[in-house]
Amino acid sequence: MKPHSLAAAILAAAATAASASAPADPAQRPLIATYDAAAVTQRCEEGIAHAKALIAAMEAKKGDAGFLDEWNRIQVAMEDVVNPIYLMGSVHPDKAVRDAADPCLTKYTTLSTELMQSEKLFARAKAVKPGNAHQAKLKKDLIEGFEDTGVALPPEKRKRAKEIFDRLEEIRQAYDKAVREDPAKVVVTPAEMEGMPEAYVKAQEGKKNAEGNYALGLDYPTWVPFMANARSEEARKRYWLAKQREGGAGNLGRLDEIFRLRKELAGLYGLPSFAHYTLRRRMVENPETVAKFLGDVKAAVTELEKKDVAELRAEKAKSLGRPVAEVALNRWDVAYWQEQVRKTRYAIDQEKLRKYFPTGKAVDFTLELSQTLYGVKFAERKVPVWHPDVRYFDVTDAKTGAFLSGFYLDLFPREGKYNHAAAFPVRGVSTLARRTPISVLVTNFDRQGLDHREMETLLHEFGHVLHGVLSRTTYNSHAGTSTPRDFVEAPSQMFEEWVRREQPLSLFAKVCPECPRLTKEEIARLEAARRYGQGLRYARQWLYAAYDMALSTDPQPAMALWKKMESATPLGHVEGTMFPASFSHIAAHYASGYYGYMWSEVLALDMLSKFRKDMLDPKVGHFYRDTILAQGGQVEPAAMVRKFLGREPSSKAFFAEITGKR
């Protein structure tokens, strides 16, 4: 997943408190400031005061002269404060710092809304006479942003829109915090660790309680391997149930309020739903297009899902030595029995793959791969960081040696840290301002090694980093991943493929000669194992997207709707669970947009066709860098994809993928 900055129409990319010019020497290198709690508050207040002064100066002028340059400066000024603080609120090891970030983000949401509701600035934006395509795109985006924030509404409706935006940010913060800081632990006996790899058990030794049992948290590096390997169904059930309650009942109420407010917001514009309000600015343009797309997905995977469930149920029955009719397949069984099938049918054991992908070497492989394809060089530098685990790299152009950008890696779990995997765009590029970008990769990986799924995650999220740090947009508003939500995942989804193919995987020997090598036959079996269970996987993705669209179209109690929709699936709904309490995507930036994961995958798999002849072809890689990654949001996605492919996009590869036929 990829979190975006607040008020995406305004804070499009990323930030630091450092110099905006490309560094001639390390002393000028832009870096992310490391704050204590008091510094967060002080920096926030100073930043707001500075931004308000800039806004006042902009409002004092009339006409379009210099407006786009002024807009660029206010963007830079605001993101230089809010984006580093947003990051610190998600990853800083000191809870006081994380807590100090929240009120600052609320204040910046208020300021962002006030900026976008300025009638004087709206008039200046409308008066702009674009001198080129990038200026025309920025003008279009600004006018839509102003309108979407309520500047053209009557005063009372405009006031209510501002109240809604402020309240939505308050609820989002509370929702995310409840998930991030959920204290739940699941107690597992040593006997219930049967089936777990020795390295996993050893890593949990520090989590033993006074009785000698293990107290396991809800973080993914602990939870995912347990669900796939633990033989005790009872233990898996306890752990699965705990994970499905993550965030707590309070988040269900928050989600209900979020969707009620979004519906009200759309109504202020005379629109029938929040889906209509949001999608009119996306590639799909309207809810009807999404409905048709999701309908096609459902038709493709419905029978496959049933087949997958029946197969896993038969596998469980066979193992238990009982008739299939007497055996139920439960949700906490799925990952375990899928793993057993992969082990027996394809001879693939994900845990054993960790020795093939030691975490440090997996990072080295990802960097080597990116350098090979995109004509860049990465150099690790020692800089101030917020935790000893964090690493920093300069990015330079391989041909010219010019400094391009920088990125940080924060790879391992710790208490209170953002507990998924994401790229945080912390400083957005602007060639106009000679401003270089910075992104931060945040994950929660096993320190010893990655399985193949985690390797895919690493490439996926680093794909977002590349989208940020290789961006070369004129204006900050268009930097990096500031593209429509239904395109933004495409570059990252495409990049996953490089860890599935023999040719790019051969680069692993370059960074780790001592590591075991996957043979051609093993890679083929690994790919067959990955495609196993596509019916269940994409049926679940359909459910998430359809649930999001249902709430965005006709708000109703979130838990009741989820229960109804999940109950209609072959595996049904488990009483006492509350998955929506931790469905952070739709509580924040993927509202009316979860379909975008699959919509983006259509484009990702189609763009992949350009690399069919040679996955390491630097000519194609450079063309992709220039055509897609460098353009950020300053070119419409459809136009970028057409230019890269040399034709109209096709969904053929996507539907082959979701039905296991690609």
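The values are calculated or read from the model by the stated rules, or taken from the named source; none is laboratory data. Quantities reported herein were computed from a predicted structural model and do not represent experimental measurements. Neighbour counts run over all protein chains shown; Cβ positions are idealised from the backbone, glycine included. Protein only, heavy atoms only, side chains kept; ligands, DNA and RNA dropped before computing areas. Shrake-Rupley method; radii C 1.70, N 1.55, O 1.52, S 1.80 Å.
In this structure, does residue 450 turn out to be without any contact (Cβ under 8 Å) to a residue 40 or more places away in the chain and not in a helix (DSSP H, G or I)?
no
Out of 179, 224, 151, 188, which single residue is crowded, with 19+ Cβ neighbours inside 10 Å, among the hydrophobic types (A, V, I, L, M, F, W, C) and modelled with pLDDT under 95?
Every option except 179 fails the conditions.
Please go through region 374-416 and give me each residue that is small (Gly, Ala, Ser) and either within 13 Å of residue 466 (Cβ to Cβ) or touching a helix residue (DSSP H, G or I) at 6+ places or on another chain (Cβ under 9 Å) (or both), ordered by number. Working first, answer last.
At the first step, the residues of region 374-416 found to be small (Gly, Ala, Ser) are 375, 379, 398, 401-402, 405-406, 416.
Within region 374-416, 375, 398, 405, 406, 416 qualify.
Scan region 44-58 for residues that are open to solvent by 60 Å² or more (accessible area, probe 1.4 Å) and either in contact (Cβ under 8 Å) with a residue 40 or more places away in the chain or of a type in the set (Ser, Thr, Tyr) (or both) and report the count.
Within region 44-58, residues that are open to solvent by 60 Å² or more (accessible area, probe 1.4 Å) and either in contact (Cβ under 8 Å) with a residue 40 or more places away in the chain or of a type in the set (Ser, Thr, Tyr) (or both) number 1.
All but one of (1) under 23 Å from residue 368 (Cβ atoms); (2) under 21 Å from the mean Cα position of the chain (by Cα); (3) in a helix (DSSP H, G or I) hold for residue 477; state the number of the condition that does not hold.
(1)
Identify all residues within region 397-407 that are outside any loop (DSSP other than H, G, I, E, B) and either among the aromatic types (Phe, Trp, Tyr) or open to solvent by 10 Å² or more (accessible area, probe 1.4 Å) (or both); write none if there are none. It would help to see each step written out before you state the result.
We begin by selecting, within region 397-407, every residue outside any loop (DSSP other than H, G, I, E, B); these are 397, 403-407.
Across region 397-407, the qualifying residues are 397, 403, 404, 407.
Hey, does region 341-350 have a residue that's in contact (Cβ under 8 Å) with a residue 60 or more places away in the chain, open to solvent by less than 60 Å² (accessible area, probe 1.4 Å) and under 23 Å from residue 567 (Cβ atoms)?
no
Taking only pairs six or more apart or across chains, which ones have beta-carbon atoms under 6 Å, a first residue in region 316-328 that is surrounded by 11 or more Cβ atoms within 10 Å (Cβ to Cβ) and of a type in the set (Gly, Ala, Ser), and a second residue that is part of a helix (DSSP H, G or I) and modelled with pLDDT of 95 or more?
That search, which allows pairs on different chains as well, returns 317/324.
Condition (residue is within 22 Å of residue 257 (Cα to Cα) and either of a type in the set (Phe, Trp, Tyr) or in contact with a helix residue (DSSP H, G or I) (Cβ under 6 Å, 6 or more places away or on another chain) (or both)) applied to region 116-136: is it met by at least one residue?
No, there is no match, as no residue in region 116-136 is within 22 Å of residue 257 (Cα to Cα) and either of a type in the set (Phe, Trp, Tyr) or in contact with a helix residue (DSSP H, G or I) (Cβ under 6 Å, 6 or more places away or on another chain) (or both).
What residue, among those in region 269-294 that are over 22 Å from the mean Cα position of the chain (by Cα) and open to solvent by less than 20 Å² (accessible area, probe 1.4 Å), is nearest to residue 602 (Cα to Cα)?
My answer is 287.
Within region 635-662, how many residues turn out to be in a loop (DSSP other than H, G, I, E, B), surrounded by 14 or more Cβ atoms within 10 Å (Cβ to Cβ) and over 21 Å from the mean Cα position of the chain (by Cα)?
Filtering region 635-662 for residues in a loop (DSSP other than H, G, I, E, B) gives 635-636, 646-651, 659-662.
When the remaining residues are screened for being surrounded by 14 or more Cβ atoms within 10 Å (Cβ to Cβ), the result is 635-636, 649-651, 659-660, 662.
Now restrict to residues that are over 21 Å from the mean Cα position of the chain (by Cα): 635, 649-651, 659-660, 662.
Residues flagged as in a loop (DSSP other than H, G, I, E, B), surrounded by 14 or more Cβ atoms within 10 Å (Cβ to Cβ) and over 21 Å from the mean Cα position of the chain (by Cα) within region 635-662 amount to 7.
Scan region 532-572 residue by residue and report those that are of a type in the set (D, E, K, R), within 25 Å of residue 453 (Cα to Cα) and crowded, with 19+ Cβ neighbours inside 10 Å.
537
Here are some residues: 108, 86. Which one is in contact with a helix residue (DSSP H, G or I) (Cβ under 7 Å, 6 or more places away or on another chain), aromatic (Phe, Trp, Tyr) and open to solvent by 10 Å² or more (accessible area, probe 1.4 Å)?
Sole residue among the options that is in contact with a helix residue (DSSP H, G or I) (Cβ under 7 Å, 6 or more places away or on another chain), aromatic (Phe, Trp, Tyr) and open to solvent by 10 Å² or more (accessible area, probe 1.4 Å): 86.
Could you tell me which numbered condition residue 357 fails, if it satisfies all but one of (1) within 30 Å of residue 89 (Cα to Cα); (2) part of a loop (DSSP other than H, G, I, E, B)?
Going through the list (1) within 30 Å of residue 89 (Cα to Cα); (2) part of a loop (DSSP other than H, G, I, E, B), residue 357 breaks only (1).
State the number of residues belonging to region 381-396 that are buried (at least 19 other Cβ atoms within 10 Å of the Cβ) and either in contact with an Asp or Glu (Cβ under 6 Å, 6 or more places away or on another chain) or of a type in the set (Lys, Arg) (or both).
The qualifying residues number 2.
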